[in-house]
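The values are calculated or read from the model by the stated rules, or taken from the named source; none is laboratory data. The shown structure was predicted, so the numbers you read here are calculated from the model rather than taken from an experiment. Here the Cβ is made from the backbone with ideal geometry for all residues, glycine too, and neighbour counts use every protein chain on show.
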Amino acid sequence: MKKSIQIILTFLCSCAWAGQDQPIEIRKPGDATRLIPVSISGFSGETDAVLKFDLSVLGLQMTTPDKAEYLISGTQNAVLEGRLQPAGSSGASGDAFARTYSGGNTRSQAHSFADDIVKAIRGTSPIFHTKIAFCGKAGANTEIFVSDFDGHDPVQMTHDASLVATPAWSPGGRKLFYTSWKSGYTQIYQHDAATGQRAVFAAYGGGNFNPVVSPDGRKVAMILSKGGSPNLYVCDSDGGNLKELTFDRDEASSPTWSPDSQQICYVVHSGRASLRKISVNGGKPQQLPTGTFGNLTSPDWSPDGKMIVFTSGSGNFTLWITPAAGGEAEQLVAGEDPCWAPNSRTVIFTRQVNHNPVLSLLDVPTKHVKDVAQLSGSCSQPAWAR
């Protein structure tokens, strides 16, 4: 490979790097669905821990240099100097890339290096500077928390001493929408994640649940029971032009938007729950064939539009994915509450560990699971900012 020239680029979260314009993709056929052995050397402490966690989330497996397919090396002082090499190569001519990362803190620099490694090996979009929201136990109640994707730096967003549920981000991660029982009955709130300011978004008679903002930021879908049975509604982002999309006696729940903001997939509880799709303009809903049986819940449409992940089961829950156009579903791992990362490869979900709900990260193609061990206590209903 040609030796790279050094340049300086600025990265989100005040991280910068110098090196090649873009990482060189060195993927091989079949790499997407297998764990790839890599070796890390030259780092210690927090940098070493961040790199190993990040890379394992994307299905890169730590091993010794003699068994690795890629060698990751470097040093960390005030800046991070990092290098990625295919195993068996030598010298600068064998580098996939060599870069210097400055600015920000140690964690931020390590995340940036890890982003470049997975872009080179996996060809995926960066996710290691992203945020998640989730419900966490606070005494007998639940509150909304926001943290880094790996659980670091959690911040409690609500202090309602009540119950909250179903957090959902607006595009770009500026606002959170969620259901709250603060007033004694269910209301939907919108919450500015930067300023902490919030306001009631929906407080119709009956239940107000499951708010989700369209990817273009123009619409909000939600479940309302103001007409009797819980049905699917959509409105403008300011709450105006409310429109009912479904008119069933059976309960609707868990809406999720297609990436083009033109369709909504949701759950209908008619006997065993199933998945349906409907246009944002209304019309006749379409059953989404999955080829699997069970109580299907909690769908989430991948950002690239190709797949829908969902939960199946009752008591013992399992994650599945199915083509967004419908087709045979594929079983993944035990868990519930799935939500896609911006890269359409990683899913954050809830799983039971010693009867305690914890957040975990799933690399869908390899089915490799990594717990977000940084978070303590009961955590559930994660939402990935994208």
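Listed values, structure above:
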read-out: Hits in the range 171-188 - residues which are part of a strand (DSSP E or B) and over 23 Å from Thr297 (Cα atoms); value: Lys175
read-out: Residue check, Gly74 farther than 20 Å from His129 by Cα, in contact with a Ser or Thr (Cβ under 9 Å, 6 or more places away or on another chain), in the same structural domain as Asp31 (by TED's automatic domain parsing) and modelled with pLDDT of 95 or more; value: yes
read-out: Test: residue in the range 367-376 that is crowded, with 16+ Cβ neighbours inside 10 Å and within 21 Å of Ala168 (Cβ to Cβ); value: yes
read-out: Test: residue in the range 349-361 that is farther than 27 Å from Val213 by Cβ and hydroxyl-bearing (Ser, Thr, Tyr); value: no
read-out: Residue within the range 326-340 that is of a type in the set (Gly, Ala, Ser), closer than 24 Å to Gly173 by Cβ and surrounded by fewer than 21 Cβ atoms within 10 Å (Cβ to Cβ) present; value: no
read-out: Test: residue in the range 122-143 that is of a type outside the set (Ser, Thr, Tyr), over 26 Å from Asp363 (Cα atoms) and not assigned by TED's automatic domain parsing to the domain that holds Arg351; value: no
read-out: Failed criterion for Leu319 (all others in (1) at pLDDT 95 or above; (2) in contact with a Phe, Trp or Tyr (Cβ under 8 Å, 6 or more places away or on another chain); (3) in a loop (DSSP other than H, G, I, E, B) hold); value: (3)
read-out: Lone qualifier among Ala161, Ala199 - being over 26 Å from Ser258 (Cα atoms) and in a strand (DSSP E or B); value: Ala199
read-out: Test: residue in the range 95-118 that is surrounded by fewer than 18 Cβ atoms within 10 Å (Cβ to Cβ), of a type in the set (Gly, Ala, Ser) and over 29 Å from the mean Cα position of the chain (by Cα); value: no
read-out: Residue selected from the range 45-68 under the condition more than 28 Å from the chain's Cα centre (by Cα) and not in a helix (DSSP H, G or I), by the criterion surrounded by the most Cβ atoms within 10 Å (Cβ to Cβ); value: Ala68
